[in-house]
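**Q** I have a structure here, written as structure tokens, and I will follow up with some questions on it.
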Amino acid sequence: MYRNLFDYEAAARQLLSREVFDYYAGGSGDEFTLSQNRTAFTRLALRPRVLTDVRTISLQTSLLGMPVAMPVAIAPTAYACLAHPEGERAVVRAAEATGTLAVMSINSSQTLEDIRAAGKGPLWQQFYLYPDRGLTRELLERITTAHYSALVITVDRPRLGKRERDLRNGFCLHPDQAANFAVSAVVPRKDACYATWKDIEWIHSLTSLPIVLKGILTAEDALLALEQGIAGIVISNHGGRQLDGAVTSMEALPEIVRAVDGRCEVYVDGGIRRGTDVLKALALGARAVLIGRPVLWGLAARGSQGVQHVLEILRDELELAMILCGCADLASISAELLSFPPVCRPLSVELRER
């Protein structure tokens, strides 16, 4: 019986080979940032309000103007067919069944056209800024033709992080496990994806799709993103898979929300496993959260039904947390719900704020 997302993780650990499970679950270096992504949520306590009318609860919102049934979307994760033969198409069907959207990885097991054909719900496409500009142009043309609704550019991977679990296991992909554009054949995963803000400007010149930057962790970069006309930001440390020791997404969230001041939408990922985690992220100003690894655990355990159940568990837990905190809708969620522990503020932080 799967009662929470940790039950699905335990099942996936049993069902998947060690190499595949570690590829999905692992982080970089000592995996400090990976573990801190979870710990960050435990540092915040909830301050529930009582005697409010919570007989009717609404979780509905919109992401870049696209209606969704809850503020939980699916983050891009690579090579879903390693978890289940139906791969990304099963993920798309689960997102549609629960009324939310999915961001699909450019490093998918299936082509972006086949993935798009699997459902009618909104899909966003993630990709990297590859050194080969011809490749980037062709990808953009295919994404537009396939009717994806937004571009999500991952900006925190100029070079692949040192993922020691993969190195110990000798993890590698077979050619038939990376069908999407044969990107793995054209641009090996270990290769650099160096880019600058000028490249973002260039992407704007090629497409009218809204652009979301994934991997922003500082107010300074958030402000530069606004100068580029970015529609949204995903605050992310790549699930702890890039720079070990980086700030957690939840720690970065308040300063970025303050910096953008409503001028673009702000989302957050990393370590979200409970409905209370979602509530805390929303209270700090995120419009929505994205989940990655739990989707893969559900997929490994029960295919599309497992992914759908993972989303339903988070939805139901969020609804319960809202009821117990006295919030009837998302608009009533604010930082007043949170109790912040005393922290030691480094001098550099004080200087930045002057």
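**Q** Return only the number of the condition from (1) at pLDDT 95 or above; (2) farther than 14 Å from residue 274 by Cβ; (3) more than 20 Å from the chain's Cα centre (by Cα) that residue 346 does not satisfy.
**A** All conditions are met except number (1).
**Q** Looking at 88, 164 in this structure, which one is under 26 Å from residue 216 (Cβ atoms), touching a strand residue (DSSP E or B) at 6+ places or on another chain (Cβ under 9 Å) and at pLDDT 95 or above?
**A** Just a single option satisfies the conditions, and that option is 88.
**Q** May I ask you to list the residues in the range 93-119 that are β-branched (Val, Ile, Thr) and assigned to a strand (DSSP E or B)?
**A** 103
**Q** Could you say which residue among 334, 236 is buried (at least 20 other Cβ atoms within 10 Å of the Cβ), of a type in the set (S, T, N, Q) and modelled with pLDDT of 95 or more?
**A** 236
**Q** Would you say residue 117 is hydrophobic (A, V, I, L, M, F, W, C), farther than 21 Å from residue 205 by Cβ, surrounded by fewer than 24 Cβ atoms within 10 Å (Cβ to Cβ) and within 21 Å of the chain's Cα centre (by Cα)?
**A** Against the criterion (hydrophobic (A, V, I, L, M, F, W, C), farther than 21 Å from residue 205 by Cβ, surrounded by fewer than 24 Cβ atoms within 10 Å (Cβ to Cβ) and within 21 Å of the chain's Cα centre (by Cα)), residue 117 does not qualify.
**Q** Going by the structure shown, is residue 213 outside any loop (DSSP other than H, G, I, E, B), surrounded by fewer than 18 Cβ atoms within 10 Å (Cβ to Cβ) and touching a helix residue (DSSP H, G or I) at 6+ places or on another chain (Cβ under 7 Å)?
**A** Criteria not met by residue 213.
**Q** Just a yes or no: is a residue in the range 285-292 in contact (Cβ under 8 Å) with a residue 24 or more places away in the chain, surrounded by fewer than 24 Cβ atoms within 10 Å (Cβ to Cβ) and over 26 Å from residue 49 (Cβ atoms)?
**A** Within the range 285-292, one or more residues are in contact (Cβ under 8 Å) with a residue 24 or more places away in the chain, surrounded by fewer than 24 Cβ atoms within 10 Å (Cβ to Cβ) and over 26 Å from residue 49 (Cβ atoms).
**Q** Here is a further query. Across the range 221-280, what is the number of residues that are hydroxyl-bearing (Ser, Thr, Tyr) and not in a loop (DSSP other than H, G, I, E, B)?
**A** 3
**Q** How many residues does the range 143-160 contain that are without any contact (Cβ under 8 Å) to a residue 40 or more places away in the chain and within 16 Å of residue 118 (Cβ to Cβ)?
**A** 2
**Q** Something else now. As an exercise: evaluate residue 265 against (1) farther than 24 Å from residue 44 by Cβ; (2) of a type in the set (Asp, Glu); (3) in contact (Cβ under 8 Å) with a residue 60 or more places away in the chain and give the number of the one condition it does not meet.
**A** The failed condition is (1).
**Q** Return the residues of the range 250-284 that are basic (Lys, Arg) and surrounded by 24 or more Cβ atoms within 10 Å (Cβ to Cβ); say none if nothing qualifies.
**A** 280
**Q** For the subset of the range 73-99 comprising residues that are under 19 Å from residue 318 (Cα atoms) and within 13 Å of the chain's Cα centre (by Cα), which member is surrounded by the most Cβ atoms within 10 Å (Cβ to Cβ)?
**A** 74
**Q** Go through the range 192-210 and give me each residue that's among the small types (Gly, Ala, Ser) and buried (at least 19 other Cβ atoms within 10 Å of the Cβ).
**A** Once the filter is applied, which keeps residues that are among the small types (Gly, Ala, Ser) and buried (at least 19 other Cβ atoms within 10 Å of the Cβ), the range 192-210 yields only 195.
**Q** Restrict the check to the range 3-16 and report whether at least one residue is loosely packed, with under 15 Cβ neighbours inside 10 Å, aliphatic (A, V, I, L, M), modelled with pLDDT under 95 and closer than 23 Å to residue 309 by Cα.
**A** no
**Q** Of the residues in the range 62-77, how many are assigned to a loop (DSSP other than H, G, I, E, B) and touching a residue at least 40 places away in the same chain (Cβ under 8 Å)?
**A** Counting residues in the range 62-77 that are assigned to a loop (DSSP other than H, G, I, E, B) and touching a residue at least 40 places away in the same chain (Cβ under 8 Å) gives 7.
**Q** Kindly indicate the residue of the range 25-61 that is of a type in the set (Lys, Arg) and in a loop (DSSP other than H, G, I, E, B) and also surrounded by the fewest Cβ atoms within 10 Å (Cβ to Cβ) among those meeting that condition.
**A** Going through the qualifying residues, I end up with 55.
**Q** If you don't mind, another one. Report the residue count in the range 281-315 for those that are outside any loop (DSSP other than H, G, I, E, B) and either at pLDDT below 95 or over 14 Å from the mean Cα position of the chain (by Cα) (or both).
**A** Qualifying residue count, the range 281-315: 20.
**Q** Would you check which residues across the range 78-92 are within 17 Å of residue 116 (Cβ to Cβ) and part of a helix (DSSP H, G or I) and list them?
**A** 80, 81, 87, 88, 89, 90, 91, 92
**Q** Which pairs turn up if I take residues in the range 27-51 that are closer than 23 Å to residue 275 by Cβ and at pLDDT 95 or above and look for partners that are charged (D, E, K, R) and exposed (fewer than 15 other Cβ atoms within 10 Å of the Cβ) with beta carbon separation below 9 Å, at least 6 apart in sequence or on another chain?
**A** 47/336; 49/336
The values are calculated or read from the model by the stated rules, or taken from the named source; none is laboratory data. The structure displayed is predicted, hence computed values, not measured ones. A quick note on method: Cβ atoms are made from the backbone with ideal geometry, for glycine too, and the neighbour counts reach across all protein chains shown.
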